[in-house]
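The values are calculated or read from the model by the stated rules, or taken from the named source; none is laboratory data. None of these values were measured; they are calculated from a predicted model. Here Cβ is always computed from backbone atoms with ideal geometry, including for glycine, and neighbour counts include all displayed protein chains.
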Amino acid sequence: MADGFTAHEISDEPGGSHGLGRGRLADGIYGTIITASVLVSAGDELATLPLALSVLMTLVVYWLADVYAQLLAGPHKRGSLPTWHEASIALVDTWPLVSASFSPLALLLVAWLLGARSSVAATVALVGSILMLIIYSRAAARAAKLRGFQVAAVTAVAAMIGVLMIALKNVVLVHLH
């Protein structure tokens, strides 16, 4: 379960009322990767609260930029701008790009409140991000009607992206710090 959904509740329609569509899962995956990237790049440099704010601000900027690009490049009538209604639907439909950070940020803050140093709390949040990436990827594979080995392969790719993030964090710490 990720953000209150299971693979069985996922609709195939973006913005569908019966769960998260494939587009929303993609936004969740993208948001999780951005969250992990900010945690990797700034997790050892910023205190916990500025780090959490940086993650949220980064995701909000990406979210707004994504909606802006979608609306401009979308299937609208040529010669007219999208309506406010279309913009509000796009904002709601792509919100998982931001909300994907909520679980890792909760882990960040809980670890910090329990006395962890900021860098340790950032690592806890990074691990949480990787777990969320695996959950989102598995849900996306199931929504795409993949089964068995295919689901395992998609999930393994997500895990490898997570390992790459951890390796990147170690490279930044050891060689660039």
Inset, instruction - Can you tell me which residue within the range 79-115, out of those that are at pLDDT 95 or above and more than 17 Å from the chain's Cα centre (by Cα), is farthest from ARG24 (Cα to Cα)? - result: GLY115
Legend entry - Qualifying residue in the range 140-159 (condition: within 20 Å of the chain's Cα centre (by Cα) and outside any helix (DSSP H, G or I)): yes
Legend entry - Filter pass, ILE130 being assigned to a helix (DSSP H, G or I) and crowded, with 17+ Cβ neighbours inside 10 Å: yes
Inset, instruction - Return the pairs, sorted by first residue and then second, in which the second residue is surrounded by 14 or more Cβ atoms within 10 Å (Cβ to Cβ) and among the aliphatic types (A, V, I, L, M), the first residue lies in the range 79-106 and is without any contact (Cβ under 8 Å) to a residue 12 or more places away in the chain and more than 26 Å from MET132 (Cβ to Cβ), the beta carbons are less than 9 Å apart, and the residues are 6+ apart or on different chains. - result: LEU81/LEU71; PRO82/LEU71; PRO82/ALA90
Legend entry - Given (1) within 26 Å of LEU108 (Cα to Cα); (2) at pLDDT 90 or above, number of the condition VAL67 does not satisfy: (1)
Legend entry - Filtered residue count, the range 107-126, keeping only those that are of a type in the set (D, E, K, R) and in contact (Cβ under 8 Å) with a residue 12 or more places away in the chain: 0
Inset, instruction - Of the numbered conditions (1) of a type outside the set (Lys, Arg); (2) over 16 Å from ASP27 (Cβ atoms); (3) in contact (Cβ under 8 Å) with a residue 40 or more places away in the chain, ALA156 fails exactly one; give the number of that condition. - result: (3)
Legend entry - Residues located in the range 39-78, provided they are within 14 Å of the chain's Cα centre (by Cα) and among the hydroxyl-bearing types (Ser, Thr, Tyr): THR58, TYR62
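Hey, which of the helices (runs of 4 or more DSSP H) in the range 44-122, taking only ones fully inside, have at least 2 residues that are out of contact with any Asp or Glu (no Cβ under 7 Å at 6 or more places or on another chain) and among the small types (Gly, Ala, Ser)?
On the way: elements: 48-73, 84-93, 96-99, 102-113.
Counting at least 2 such residues, we get 48-73, 84-93, 102-113.
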Inset, instruction - Output the residues belonging to the range 100-144 that are within 18 Å of ALA158 (Cβ to Cβ) and out of contact with any helix residue (DSSP H, G or I) (no Cβ under 6 Å at 6 or more places or on another chain). - result: VAL127, LEU131, ILE135, ALA144
